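A.B. asks: Before I ask anything, let me first share the structure, which is written out below as C-alpha cells.
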Amino acid sequence: MSTLEALANVPGKWGLLAKYDDPIIRFLMDRKFPWLKRISNAPRPAPTGRASRRGASFASQKSEEIVGGGTLTPTATESVAKYEAQLLALTHEGRRQLFEQEGAKCAEERRGAAEIERQLQEKTLYAQWRAADFSHWLRAALWNADEANDLSLGKEPDTRFGWNYISRLLQMSEFARTYEKRRLLIYRAIQAGDLPNPMRPEHFMRWAATLQLVVPDELKISMTPPEDRAPKEVNLASSAQGCHQSLIQRKPFIDQYAGRIRNGKVRLKQFFDGKTHKQGELPEAAQFRVPGKPGCYDLEAMLEYFRKRGDYSEIGW
C-alpha cells in the first residue's frame, strides 16, 4: 500500500465518506467533496439561546445548498451520486491513475500551505523582534556571545527571542538558519581563543571584519594597519626625537591615544611609571622599549597589548 493509500485509509470520523470501503474511492470523493466527512445522517440538534440561534442561522445560510436538516440537499446528492458513478465506471488502473494525480496535487497544496506558514512565521519574527539600539550597545563595555550575535544581525538582544526561540524556526525561516550559522562561528571562535566571552565590542567588530561577515554599518570597523591610522603629527613628533616611524615616545603616545585607552591618562601613567613606584619595579611599558633608541617604544606592540587586555577602543571611551 502506498503512502497516499495509507493516508486515505486512516481511521476516523469520516461522516458520509465512511460508507466507502475502498480507500482510493474514499480519497477521491474527499478531494471532490471535502465537506462530506463533516456531514452525518443524524439530524442536527436544535440550537438553544440567542447566540446559538444566530450562529446556527449563519451556518445554515452558508451550507443550505449542500446540507438540509442534517442530510445532503437534492442538488448535492445528485452531484455526489454522479461522481461516484464515474469512479465506479473506471477500471482499477483508471482509478489508480486518477488517485496518483490527485495525490500529487494534494501534496503540492500541502507544500504551498507550509511555505505560506513559513513566511508568516518569519514575518511575525521580524515584526516582534525590535531592531538593535546601537546608540546604547556601542556604549556597553562588554557583550556576551549571544548579544554579539543578535547585534551583528541588526537585532536588539532580547531573552524572549535568542537561540531558544530561533532554534524552533530552523525548518521554516531563512533568518533563523543565518542566525544559527553566525552563532556557530562565534562560539567556535571562543573555543579557539579568537574571541573572549564576554568581549569588548571593538574586539568583536575586528573579528567580524577579518572574516568579512555581513554586519550593520554601525558595527563596521576599519581594518587599516595601525601605522596607517596614526595621524602624521605623531610620526613627525617621534621622528623629531630620533624614533623610527613605527616607534613612538611616551608623551606623543599619551597625547594621541589616551582617549582610546580605558581610564585614559591615569592608566597610561601607571603603564609607563609602574603601579607602586617602588625601587626595582618594572613598569609594563618596559617590555616595549626599543634597544638602541632611548625613550622610544614599539607603537604597534603597545596597541596590540592594550587590545588583548580589552583596554583599547577604536571608538574611544
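A.B. asks: Just name the residue that is nearest to Pro198 (Cα to Cα) out of those in the stretch 149-166 that are part of a helix (DSSP H, G or I) and at pLDDT 85 or above.
C.D. replies: Here the answer is Asn149.
A.B. asks: Please specify each residue of the stretch 158-185 satisfying the condition of being touching a residue at least 24 places away in the same chain (Cβ under 8 Å) and either among the small types (Gly, Ala, Ser) or closer than 20 Å to Ser313 by Cβ (or both).
C.D. replies: Ser173, Ala176
A.B. asks: Identify, from the list Leu303, Leu213, Leu282, Leu268, the residue that is modelled with pLDDT of 85 or more and part of a loop (DSSP other than H, G, I, E, B).
C.D. replies: Unique residue meeting the criteria: Leu213.
The values are calculated or read from the model by the stated rules, or taken from the named source; none is laboratory data. Bear in mind that the values here come from a model prediction, so they are computed numbers and not experimental data. Positions of Cβ are generated from backbone atoms using ideal geometry, with glycine treated the same way; all protein chains shown enter the neighbour counts.
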